[in-house]
1. Could you state how much accessible area residue 192 has, in square angstrom rounded to the nearest 10, with a 1.4 Å probe and all protein chains kept in place?
2. Of the listed pairs 216/349; 152/297; 123/297; 363/418; 286/333, which have alpha-carbon separations greater than 24 Å here?
3. Can you tell me the order of 339-346, 99-106 when each peptide is scored by its average per-residue count of other Cβ atoms within 10 angstrom, highest first?
4. Accessible surface of residue 107 in the full protein assembly, 1.4 angstrom probe, to the nearest 10 Å²?
5. How much of the pair distance distribution for region 117-165 lies past 15 Å, counting alpha-carbon pairs only, in percent?
6. Sort 109, 273 by heavy-atom solvent-accessible area, probe 1.4 angstrom, most to least.
7. For region 121-163, list residues with backbone N below 19 Å from a point placed 7 Å from the Cα of residue 21 toward its Cβ?
8. Tell me the relative contact order for region 123-264 as a rounded percent, counting alpha carbon contacts under 8 Å between residues six or more apart.
Amino acid sequence: MVAEDPPQNQDSNALSDSDVLDVTQELEELAIDFITQLCRATNTSKNAVDATSSESEGSSSNKPSVHLEMADRTRTSTVTGSYSSRFITFPKRSSNATVKLAQLFKVVDSMHEAVIERVPVTKRDIYYRDVPLFKDQRIVDTIVDDVAASLKLERSDLNVRATSKGIFCGSTLSIYMSSGDIICGSDSEASLIPVGEEVKTFNVDEDLAWVLIVEKDAVFQTLRHLNASNHPSLPGRGLLITGKGYPDMATRHLVKSLSDSLPQTIPIMALVDGDPYGLDILSVYKYGSSRLRHENKKLAARRIEWMGLLSSELAGFGIDKDALIPISQHDEKKALSMIQRSQDVMPAKWRKELVHMLHTRRKAEIEILSSPVSSTPVSSRGCALLPSSVAEDDTFQRAPLLKYLHIKITQFVNSARKHY
């Protein structure tokens with residue numbers, strides 16, 4: 001099947017003249033606002049010096065300053081649902097106030113150039129243009145998203161692209177690039193997921209049966225080595241995707257596009273660690289990121305279903321509680337924070353699992369299924385979850401993770417076909 005063009009697919013070279021003009025004006029107004037305030041503050045300061053008196057001398061409250069209003073992506077207005085505001089103030093007593101302003105306008109300058117020249121730039125490109133100034137890639141990432149949110153634009157509107165890190169495995173997917181190149185997926189080798197702005201469309205084979213998003217690259221590589229996307233023990237051909245932890249924009253774009261385009265009979269599942277951070281990564285895929293709320297509409301893939309790992313289910317797979325890892329203070333703090341989230345982004349099943357983790361003081365990482373176990377998985381009723389022929393299969397004995405996937409993927413595929 002040929003999927004519809006991904007929603008993010010807008011080649012920067014195709015930006016209209018009006019788009020370029022509008023975005024350029026927004027960026028220039030930000031710079032002009034700063035310069036105007038700076039000139040006004042300078043003149044006020046000169047007048048204050050001429051009229052200074054010994055009584056007011058040294059009073060910081062009378063000193064003129066510049067205030068740039070920016071979106072505060074850590075806080076949301078309870079009235080409008082949009083980002084709250086914060087102010088960048090200059091001058092300040094802080095020694096790095098000047099540096100922060102320099103970083104901000106270096107990024108704005110790069111955005112302005114990218115829009116005017118209609119040549120896209122990556123966050124990584126911006127960072128390497130002045131490494132001594134930025135010192136850390138994360139500073140550039142934060143400023144780019146702050147500017148986009150403040151101007152109520154998407155990052156792609158500013159002709160800035162995120163650097164890809166996600167990969168996929170599966171011969172059922174082919175990605176057609178705007179350049180004319182084609183990325184053909186493989187069952188034995190991983191392919192880098194391209195940034196959405198470079199994707200023209202993609203094609204999915206008719207016999208694709210399931211899609212599995214894996215949190216960790218190490219687990220993804222294990223499944224790739226096992227040829228999981230085309231393994232005879234799994235129900236049909238599949239597609240494996242990983243964002244290598246918290247997903248990058250390109251990976252989220254691909255998952256969102258698949259979510260919008262694939263029929264409901266093809267389940268899209270996620271395998272993450274059975275801990276608060278694993279669930280948070282799942283939440284980013286499914287509901288979006290709180291700090292990129294202005295882009296969540298085109299990134300949140302609500303079709304994703306949580307396959308596991310559930311620490312509460314592992315006893316049924318012959319894994320003893322003592323084999324689980326004790327939760328840390330960071331885990332506890334994260335879990336308590338997530339439990340407080342709205343029901344719109346915290347399903348009852350997730351909340352129940354978090355409560356279970358806090359109660360047992362244990363968490364489960366996917367790697368716990370990478371070591372052979374002797375027990376045959378059993379249900380809560382004491383019945384074997386696998387037919388004896390499967391349970392005794394040497395492949396499953398050597399790869400218990402594959403056994404787990406056989407059970408879970410089969411359940412999801414059968415359920416999807418039954419309901420749709």
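1. So the heavy atoms of residue 192 present about 100 Å² to solvent.
2. Pairs exceeding 24 Å: 363/418.
3. Put in order of decreasing packing, that is 99-106, 339-346.
4. Its heavy atoms expose roughly 0 Å² to the probe.
5. Tail fraction, whole percent: 44.
6. 109, 273
7. Residues passing the 19 Å test: 157-159.
8. It rounds to 24 percent for region 123-264.
The values are calculated or read from the model by the stated rules, or taken from the named source; none is laboratory data. Computed from a prediction, not measured in an experiment: that's the story for all the values here. So basically every Cβ, Gly included, is an ideal-geometry build from the backbone, and we count neighbours across all protein chains shown. In case anyone asks, the SASA skips ligands and DNA or RNA and just uses the protein heavy atoms, side chains included. Shrake-Rupley method; radii C 1.70, N 1.55, O 1.52, S 1.80 Å.
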